[in-house]
Amino acid sequence: MVNVMRDMMLITKGNFRKNKGAYIAVFILMFIVSVCFVSVISVVRNTHKHNKKAMEDTGLGDMLIWCAEYNITDFNEAKTELSNRLENCDAISEVKAIDQIETYITDINGKEYGNTIFLTSCDSNLVSYKIFDGDGNPVTDPELNSREIIVPISFTTMFNVDIGDTFTIGRADYKIDVTIKYFFEDPYMGTQIMGVKTLLISDADFAYIRENYKDANIAFADSVLLSLKKKDSDMSDMKFEKQINKDTNVSAYGWVSLTKTQSSYYMMLLLDVFSGILVGFIVLLVIIAIIVLGHNISNSIEKDYVNYGIFKAIGITSKKLKMSIMIGYILTCILGFVVGIPVALPVIKVVNEILRPIGGTYVETSFDIGMSLLAMLAILLVVGLYIMLKVSRISHVTPVRALNEGRADVHFSSVLRLPLSKKLLNTSLAYRQLISRKKQYISAVIITALLVVFMVLINQSLSWLSGGDEKIMSALFDPISYDLSISGETADELEAKKKEINELVESISGYKEVHLMSKYVLLDDAKIHCQIIDDPEAVFNLHKGRTCLYDDEILLTDYLSRELGKGIGDTVTVGDLDEKQEYIIVGLTYTGNDAGKSFMMNCEGYERLNKDVKWTWRVGYYSIDDESKIEEIVDSINEKYGDFGISAKAYGNDVDGDPISLALNGISVVIYVLSAIFIIITVILVSGKMFEREKKDYGILKACGFDSGKLRSQFALRFMFASFVGSLLGIIIAIISGERIMELIFSMFGILHLEFSFGAPALIIPVCVMALMFYVFAYLVSGKIKKVNTRVLVVE
Amino acid sequence: MKKTILEAKNLSKSFANEGTQVHVLNNIDLKIYEGDFTVVMGASGSGKSTLLYNISGMDKPSSGEVIFDGEDITKLSEKKLAKIRAFSFGFVFQQIHLVNNLTLLENTLVPGYMDKSKTKQQVKERANSLFEKMNLSEAKDRLPSQVSGGEAQRGAIARAVINEPELLFADEPTGALNRSNTRNVLDLMTELNKDGQSILMVTHDIKSALRANRLIYIEDGKIGGEMDLKPYHSLNLNDKAEIKDRETQVNSWLSSMNW
């Protein structure tokens, strides 16, 4: 046994010495895989764990309901009534009613923020948020002066503001300037992806606003946050929500409600989507690393063919030889993994810092060792099995065959052979060399194909999110397609000037105007986002059935349809306040609003639930007949009505800074950088083998009058050709499977149906980048051609 | 008066071997004349191949000059040297060095295509006429691995002369061939010389040396002596006595050089 081990270790050592470059390459690949995997796994799992604990630490319950004054005729009476109902509900163990003020941000960094804001007293003993300074250090005893405010960290990227900056809250004539003093962690809705935000103000300011603006509910409305705790902790949040609504109908009075599960889903949505993409990419890197590993093993077997014959001739078995190779590579992989783990720590720190404003939480920098090790172990297992497969050919080596080098003459014939061109001599020689040794480039082709698939999909997503001509963004996040929006600080302000505004628009170009209202109502006893539209024909993203023409019809998203298990022709119950009505599902749409949990009805449909509703619109969405006039209309409206609190905005103006685009941009940079590293390693390994084989050819061609520059260019061109073949393959795969992969990604945003075609830039950019990277790296690697002397052809 | 096409002055070449310097060429002065079939002979390790590679620009000497066309080629840039290799010099190696994924014809066309002054058609015509002359027409579209050693070496010669070089270098071109192929290759080189091609060939084979009109003997990196002969193509090859005389003459000269 000792002898066996000694023999194997000797051979392994010999392998290390002879194939140093190959082992270093495998080490680097596994090191990168380890850093990436450990970082992503740790960040994702730490964030999930942290968020769960942070929710508990706030002291809030399993379901939160925000109720606002303007929503209810007699707020105080409703509050008492609701409290009574909740206290008598068997499913609830604890009810907290936290007073809040509902308001809006009218000016933050020169922009208006359209979503609702809830102000809470920082000194409330019913809820406890963690406060941080600008460097991310916790502040245990925050001192908040008058007109100072604490905002979620996501404000830094949402509005490009920092501590010390001032912004304006309120509306119309009721506005207050507040200055950011600290940041806080809101584990329920601190993420950038959630529009509604809670802000903390001093107790004095809270009392001041309630006292001084009690009649100004268009700017500051009384509101209450109801926090409900489950009696039965085993009851699912969905069941709890339905039970509460059934027993108390409390959500019907609430503006919006969130269970812990829903909140976690939204809080983790971006992280989960992007980590999903990254994990997919890392798995791709593992596959590439395995391909490169296989290439290395084949190389070293070929290089040591004679030696294996000699070893066998002196009695060393195939098993020992195979084990020695296996030990070498497995040890290298383990080393790569082990070295990668500590390096992942600073990466985790950086990623946490990048994600902090997006996710809105202050996650600790630490490893998730258990899961990371498990992942590494799984990779090692796959690598081990693959090595076993690759080294199996050693069994076929017989001493005699090996000593005769065991290689037959290669006769090259191919239908792909093209005649040499005089004008493009270098290119045609490169092409000939490529097709005569196709096998050598298979790994480069496969690796390119895999990377291109990923790059194409990322590029396509980025092109959508940057708002291309097809307004795919609109399809993803808006139910209507529009060219510009005109909004007033209040609906009354807009209403007052509406006629004039529309005349002005008409004088520049024909138009069509649509209005939308978002509301949370009960759908089969669950609080769901509803969009009420005054012109149902304008619905853009309908893909099945027809639009909701009558007052008893609704449109569901695919996602909601799947969640409810109901489709076209089925009936649902919709409720608001104390009214409940039956509606028929007549069509399916796709939208990313509320992560797909959204449905639509027309104004008449909503009137069945609330016949007293007054349709006043704060925003009008315009489709302009002559699109070249959009800018002119926007400028004219802003110039003429800016002073009246009315502003116009062309579609897509804010898209650049949106978190999804930013994160996708970040991911695409990571993908391109890692791709570059993997391409360098692939080129080095593949070219190393080729160089040894072709050394003689370079000597011959130099003797014929080719200089090193031309030969290097031929060498690099071959890799470029191989990358083109790989890219083509990648594009075909992307086109065939792209829709499914994209649907998988976007299903996390609640979009189950996507109709798209790849844009030319999404396809061309990756192909060009890959070709360029392969050409440049191969050219650099081929520097050793300069050292080839025609003496390699001399027999002495 | 013969015209000098290449001249080596004080040419030396040394290699480092386990800490000691081995002087392979020692201050050699040599002129190569236009139209000559010059053969360099010497024992193994005498430095004859090293001489060939150093004066043909395939290798750099340790010191000395190699003057071609008024320029010292040892000091030329890689690009300029590559140009000389492509258009002014031709080279035939001992082993058959052809690019194995190109057919014999394509191997020949590659350097031909580098000549921008000629059209593709002209290069092809020249290659085809060379192949005809070399009896290679049937093998021209085959890969090196699909032809005999003799055919491959003749293909290599065709490649070396496609651009009508001023000087053709040959390093034991028959060293790896059997008797019949050796004769074919030597006949071809004689034929080329008859047509005016200057040749400098290294060999240790007396039969090959007989083809020269100028013999140079090299010993321990120095030129030991030289002898002029009648051009081989001017001999009556049917007169066996004349051939025998030439063989005796060469043999006795080589004996005098301690061969």
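The values are calculated or read from the model by the stated rules, or taken from the named source; none is laboratory data. All figures in this text were calculated on a predicted structure; none of them were measured in a lab. Glycine also receives a Cβ, built like all others from the backbone with ideal geometry; neighbour counts cover every protein chain displayed. Side chains included, ligands, DNA and RNA excluded: accessible areas come from the protein's heavy atoms. Shrake-Rupley method; radii C 1.70, N 1.55, O 1.52, S 1.80 Å.
General observations
- Inter-part distance where region A:515-541 and region A:262-325 are each reduced to a Cα centre, Å: 51 Å
- The accessible area of A:Glu364, taken with all protein chains in place and a 1.4 Å probe, comes to roughly 100 Å².
- Cβ charges +1 (Lys, Arg) and -1 (Asp, Glu), total dipole of region A:57-267, debye: 580 debye
- When A:Arg417, A:Arg693 are compared by accessible area at a 1.4 angstrom probe, the order from most to least is A:Arg693, A:Arg417.
- Descending Cα extents along the principal axes, chain B, whole Å: 50, 48, 41
- Options A:Ser485, A:Asn502, A:Ile341, ranked by Cα towards positive dipole end of chain A, top entry (Cβ charges): A:Ile341
- Accessible area in the full protein assembly, largest first, 1.4 Å probe, for A:Glu241, B:Glu164, B:Glu219: B:Glu164, B:Glu219, A:Glu241
- At 1.306 mPa s and 10 °C, Stokes diffusion of region B:1-154 via Kirkwood alpha-carbon radius, µm² per second: 89 µm²/s
- Sites A:Glu353 and A:Glu503 - FRET efficiency at Förster radius 45 Å, r taken between beta-carbons, to 0.05: 0.30
- For the pair A:Asp162 and A:Asp133, the difference between a 0.36 nm per residue extended length and the Cα-Cα distance amounts to 9.4 nm.
- Take every Cα pair under 8 Å whose residues are at least 6 apart in sequence, average their separation, divide by the length of chain B, and the relative contact order is 25 percent.
- Crossing angle, helix A:630-641 versus chain A [Cα axis fit, 0-90 degrees, rounded to tens]: 30 degrees
- The mean count of C-beta atoms from other chains within 10 Å of the C-beta of residues in A:423-434, rounded to a whole number, is 2.
- Listed by chain and number, the aspartates and glutamates placed with their C-alpha closer than 15 angstrom to that of A:Lys303 are A:Glu405, A:Glu692, A:Glu694; residues fewer than eight positions away on the same chain are left out.
- Most mobile of B:Met189, B:Met41, B:Met227 in a GNM of chain B (Cα contacts under 10 Å): B:Met227
- At an R0 of 41 angstrom, the distance between the Cβ atoms of B:Lys75 and A:Val338 translates into a FRET efficiency of 0.15.
- Principal-axis analysis of the Cα atoms of chain A puts helix A:75-87 at an angle of about 60° to the longest axis.
- The angle between the Cα long axis of helix A:318-359 and the longest principal axis of the Cα atoms of chain A comes to about 30 degrees, rounded to the nearest 10.
- When each of B:Lys31/B:Lys79; A:Lys349/A:Lys390; A:Lys695/B:Lys124 is checked by Cα-Cα distance, pairs over 30 Å: A:Lys349/A:Lys390
- Per-pair calculated FRET efficiency, R0 = 51 Å: A:Ile677 and A:Asp535 via Cβ, rounded to 0.05: 0.45
- Qualifying lysines (Cα of each under 29 Å from Cα of A:Lys629; at least 8 residues distant if same chain): A:Lys111, A:Lys471, A:Lys497, A:Lys498, A:Lys499, A:Lys512, A:Lys640, A:Lys649
- Extending 7 Å from the Cα toward the beta-carbon at both A:Asp141 and A:Arg740 defines two label points whose distance is 6.2 nm.
- Total lysine pairs under 25 Å (Cα atoms) in region A:9-103, excluding pairs fewer than 8 apart on one chain: 4
- A:Trp66 accessible area, 1.4 Å probe, all protein chains in place, Å² to nearest 10: 10 Å²
- Pair-distance profile P(r), taking every C-alpha pair of region A:57-267, with 5 angstrom steps and integer %: 1, 7, 15, 19, 19, 17, 11, 7, 3, 0
- Placing unit charges on the Cβ atoms of the charged side chains and taking the dipole of the protein assembly as shown about its Cα centre, the candidate lying farthest along the positive direction among B:Tyr232, A:Leu418, B:Ala82 is B:Tyr232.
- The label point for A:Asn109 and the one for B:Lys240, both projected 7 Å from the Cα toward the Cβ, are 10.4 nm apart.
- Among the listed pairs A:Lys544/A:Lys566; A:Lys423/B:Lys120; A:Lys260/A:Lys519; B:Lys83/B:Lys222; B:Lys80/B:Lys222; B:Lys207/B:Lys240, those beyond 18 Å (Cα-Cα): A:Lys260/A:Lys519; B:Lys83/B:Lys222; B:Lys80/B:Lys222
- Normalised by 2.2 N^0.38 Å, with N the number of residues, the alpha-carbon radius of gyration of the protein assembly as shown equals 1.34.
- Dipole axis of region A:57-267 (+1 Lys, Arg; -1 Asp, Glu on Cβ), positive-most option in A:Gly190, A:Val256, A:Gly136: A:Val256
- Think of each Lys and Arg Cβ as +1 and each Asp and Glu Cβ as -1; about the Cα centre, that makes the dipole of chain B roughly 440 debye.
- Segment A:Asp551-A:Ala216, length gained on full extension (0.36 nm per residue, minus Cα span): 117.3 nm
- In percent, rounded to a whole number, the relative contact order of chain A is 16, using alpha-carbon pairs under 8 Å and six or more apart.
- Nearest-20 debye value, the protein assembly as shown charge dipole, Cβ charges on Lys, Arg, Asp, Glu: 9280 debye
- Using heavy atoms of the protein chains and a probe of 1.4 Å, the accessible area assigned to A:Cys548 is about 0 Å².
- You can think of it this way: the chain between A:Lys239 and A:Glu495 has 87.9 nm of extra reach, that is 0.36 nm per residue less the Cα-Cα gap.
- Distance from region B:17-69 to region A:756-771 (C-alpha centre basis), Å: 56 Å
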